[in-house]
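A.B. asks: Could you have a look at this structure, given as structure tokens, before my questions?
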Amino acid sequence: MKLTHLPIISTLSDYITITQKDQLKIIHIQHPKAEAAISLFGGHVISFKPQGEQDLIWTSEDAIFDAITPIRGGIPVCWPWFARIGTPSHGFARTTQWSLVEHRENEHGAMVRIALPLSQETLAIWPHQFEVFLDIEVAEQLTTTLRIKNTDDHAWTFSGALHSYFNIANILETQITGMGDHYIDKLQADKICLGGTTLNITAGVDRVYTHPTQQICISDPSHQRTICVENSGDNAAVIWNPWELTHGMVDMKDEAYRNMVCVESTLYAESLETGHTLEPGESYLLSTKIGLQA
């Protein structure tokens with residue numbers, strides 16, 4: 001996805017500007033260590049390129065930037081639930097306008113903090129008080145941390161994910177390791193399966209791996225690189241590629257499945273009631289760190 005030459009709305013520092021892409025405001029970081037782009041709509045990372053590298057993040061060429069439709073690709077924030085256990089699917093964070101709270105930088109990289117606002121709209125969907133920030137640290141690695149706090153006078157439960165899409169040259173050449181061998185197969189009516197420790201994708205896949213290691217690696221041989229993903233605060237790693245289902249997607253080209261795979265830092269729950277419980281005043285962190293294997 002081309003994000004260069006977008007009109008600049010404001011300059012925040014030597015390395016950080018706010019630009020406009022269709023109806024969206026994009027925080028654009030251009031640091032000697034790496035470049036990144038974050039949409040304030042959805043609190044959504046849409047690009048991360050370490051110096052001299054192709055993008056590690058995949059965002060669809062046909063993504064819709066109308067400030068209504070969820071952005072296809074990048075790192076969608078799924079909260080306060082993951083998947084279709086509530087309405088809207090994946091929660092409201094990815095279709096809400098976030099606000100910039102803080103930014104800073106040094107010779108090692110840049111960081112921005114954005115906030116998910118509490119509003120009458122969010123209360124109508126999910127009647128709980130909260131404080132949620134997303135910290136995006138851009139350096140040789142990208143670290144994205146969702147900071148969740150219960151500011152209500154009662155406990156509530158939640159689930160969520162950092163739904164990362166990765167840019168790969170050829171899905172048929174790609175191997176994934178570190179996800180563990182136990183998984184729930186969403187394409188087989190939630191069948192519990194035991195697989196191998198290396199995943200080769202040759203058809204559509206939608207799996208919730210329930211015993212992932214801390215580091216999951218994506219071999220991308222045609223790009224001559226291995227992308228490494230380190231998650232924390234998760235209890236599962238979701239791996240997804242839609243394959244021929246792209247033929248029904250207006251925001252994704254028919255053959256685009258060949259160049260992407262999702263490996264998601266996920267706090268998984270089968271229902272709204274079985275999510276993670278936060279008592280009043282308690283906080284929770286869900287994060288993913290993305291970089292290239294040395």
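The values are calculated or read from the model by the stated rules, or taken from the named source; none is laboratory data. Note that the structure is a prediction, hence the values are computed from the model and not measured. Cβ sites come from the backbone with ideal geometry, for glycine too, and all protein chains shown count toward neighbours.
A.B. asks: Need a quick list: strands (runs of 3 or more DSSP E) entirely within the stretch 174-248 having at least 1 residues that are touching a Cys at 6+ places or on another chain (Cβ under 9 Å).
C.D. replies: Correct list: 175-177, 182-185, 205-209, 215-220, 225-232, 236-241.
A.B. asks: Among what's in the stretch 40-63 and is over 20 Å from residue 18 (Cα atoms) and out of contact with any His (no Cβ under 7 Å at 6 or more places or on another chain), pick the residue that is surrounded by the fewest Cβ atoms within 10 Å (Cβ to Cβ).
C.D. replies: My answer is 52.
A.B. asks: Might you let me know whether the stretch 154-171 holds any residue that is under 28 Å from residue 86 (Cα atoms), surrounded by fewer than 19 Cβ atoms within 10 Å (Cβ to Cβ), of a type outside the set (S, T, N, Q) and touching a Ser or Thr at 6+ places or on another chain (Cβ under 8 Å)?
C.D. replies: Within the stretch 154-171, one or more residues are under 28 Å from residue 86 (Cα atoms), surrounded by fewer than 19 Cβ atoms within 10 Å (Cβ to Cβ), of a type outside the set (S, T, N, Q) and touching a Ser or Thr at 6+ places or on another chain (Cβ under 8 Å).
A.B. asks: OK, next. Specify the residue that is nearest to residue 55 (Cα to Cα); the eligible residues are those in the stretch 122-173 that are assigned to a strand (DSSP E or B) and of a type in the set (Ser, Thr, Tyr).
C.D. replies: 165
A.B. asks: Quick one: which of 294, 269 is in a loop (DSSP other than H, G, I, E, B) and at pLDDT below 95?
C.D. replies: Just a single option satisfies the conditions, and that option is 294.
A.B. asks: A follow-up question, please. Of all residues in the stretch 272-291 being in a loop (DSSP other than H, G, I, E, B) and in contact with a Lys or Arg (Cβ under 8 Å, 6 or more places away or on another chain), which is surrounded by the fewest Cβ atoms within 10 Å (Cβ to Cβ)?
C.D. replies: Of everything passing the filter in the stretch 272-291, 281 is surrounded by the fewest Cβ atoms within 10 Å (Cβ to Cβ).
A.B. asks: So which strands (runs of 3 or more DSSP E) stay within the stretch 11-97 end to end and still have 2 or more residues that are touching a Leu at 6+ places or on another chain (Cβ under 9 Å), free of Cβ contacts under 8 Å to residues at least 60 places away in the same chain and over 19 Å from residue 261 (Cα atoms)?
C.D. replies: 16-21, 24-30, 34-39
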